[in-house]
Amino acid sequence: MSDELAPLILKKGEDRRLRAGHLWVFSNEVDVTRSPLTAFAPGQLASVEAANGRPLGLAYVNPHSLIAARLLTHGKHLPDFGALLRRRLRQALALRERLFDEPYYRLVFGESDLLPGLVVDRFGDVLVMQISTAGMEARRDEIIAALQAEVEPRSIVIQNHLPMRELEGLPVGTQEVIGQPPGPLRIRENGLDFEIDLERGQKTGWFYDQRDNRARLMRHVKGARVLDVFSYAGAWGVTAAASGAKSVTCVDSSEAALDMARRNAGLNKVAVDTVHKDAFQALADFREAGEKFDVVIIDPPAFIKRRKDYKAGLAGYQRLNQAALQLVAPGGLLVSCSCSHHLSETDLVGAIQRSARHLDRFVQLLEWGHQAVDHPEHPAIPETRYLKAVTMRVVLEW
């Protein structure tokens, strides 16, 4: 290992996951008697070694985080980080440019693009960046320089609203703009136009990860009455309306999000109805009114953010799906999504099946959906596989 870097030594047997390709070192895997975590500053580079001295790679360290280190390279020598970053960005950009004809996609997806702690979404000539770790925060200026060199954006918006930043000891809740103020942004997805608001929007402003699942929806909605719950800016609902749905109702607890949904419907010369209400309350009200829909879409925020939330979160998913199933007309469809990594596909389908049995419904699983191809999975890091979307046909009598 490079003499310039202090070693981070793992306990005996704790190198198996790294040797299999994972990039994370947890704090309880470090031999703190030989390499005390307290000796490292947040973001400091270290050489990671197995208990027997075998070199495993170079990582940045945060002694205050459960994930104590994240591997940047399996190399043995201190890299020129700027050059490494530009190579990784070119590699990520090459994939997206091969996949998409227009510059609207997730450009960098953290560990899956070998840039742990960094997410970048591209909206034409505007980039929106999220840094979630102290290691990447320490190299923020180099990241900005690399993005400017490789992509030449008009502006880079840095969103620092991630709760994970707080766990890393980083400031939360600020937004910075490098270059020209972007203003409202126009994007295209699946041949449709959408406008997003970076100041009032969620996360980076758009959820590219559902792109392929929304495209899959198009063939199911012609002539259908559609309910889009947790609609945000109307991506699902507007896609349904533009694909020939008879009517679309968007439900969200944010009036600002519904404003965007209405504007996005107008951009595509379609109409959507909007309901400003808590999702569970809206579902209950529709049920009380005897409403039925041919397609019900539920795309909630993560109910299970930590493993310890699993039991309560699973109960929440089952309650939500049961409420949604009660609104599906005979022979209609339920499109049910989860972005909780800790909820498996089997868990989600199981929750729907239990709900269906409780309501004396029969459900048929028609399609599996996952995150879009600009959110590639790292085969050794199951945490990068997080999005599930299942399409179920609902039969009331059997």
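No value in this document is a laboratory result; all are computed from the given coordinates. All values derive from a computational prediction rather than experimental measurement. Cβ sites come from the backbone with ideal geometry, for glycine too, and all protein chains shown count toward neighbours.
Just a few scattered comments:
- 5 angstrom amide H check on A68, placed H, neighbours 5+ away: V25, F26, S27
- Spin-label model, Q281/R188: points 7 Å from Cα along the beta carbon direction are separated by 4.0 nm.
- Neighbours of V248, meaning other residues whose beta-carbon lies under 12 angstrom from its beta-carbon, give a summed charge of 0 when Lys and Arg score +1 and Asp and Glu score -1.
- Counting every other Cβ atom within 10 Å of each residue's Cβ, V238, V373, V61 order from fewest to most as V373, V61, V238.
- Cross-link table K222/K305; K308/K388; K11/K305; K277/K308; K12/K308, entries beyond 25 Å C-alpha to C-alpha: K222/K305; K11/K305; K277/K308; K12/K308
- Selection among L118, A59, V30 by position relative to the dipole of the chain gives V30 as farthest towards the positive end (Cβ unit charges, Cα centre).
- Value of D in µm² per second that Stokes-Einstein yields for the chain, Kirkwood Rh from Cα pairs, at 20 °C (1.002 mPa s): 95
- If only the Cβ of Lys and Arg carry +1 and only the Cβ of Asp and Glu carry -1, the dipole of region 7-73 around its Cα centre is close to 160 debye.
- Sorted ascending by nearby beta carbons within 10 Å, beginning with the fewest, W24, W206, W236, W368 become W368, W24, W206, W236.
- Net charge in the neighbourhood of G332 (other residues with Cβ under 11 Å of its Cβ; Lys, Arg +1, Asp, Glu -1) is +3.
- Ranked list, fewest to most other Cβ atoms within 10 Å of each Cβ, for F123, F100: F100, F123
- Shape summary of region 81-183, radius of gyration then Dmax from alpha carbon positions: 12.9, 39 Å.
- Based on C-alpha pairs under 8 angstrom that are at least 6 apart in sequence, the chain has a relative contact order of 11 percent.
- Considering only Cα atoms, the convex hull volume of region 186-395 works out to 116 Å³ per residue.
- Debye-formula intensities of region 269-364, expressed as log10 I(q)/I(0) at q = 0.24, 0.25 Å⁻¹, are -1.33, -1.40 (one equal scatterer per alpha-carbon, no solvent).
- GNM top mover of G43, G75, G124 - the chain, alpha-carbon springs below 10 Å: G75
- Alpha-carbon centroids, region 247-300 and region 348-398: separation in whole Å: 21
- Residue-span extension gain [K311 to A51] - 0.36 nm each, minus C-alpha spacing: 90.0 nm
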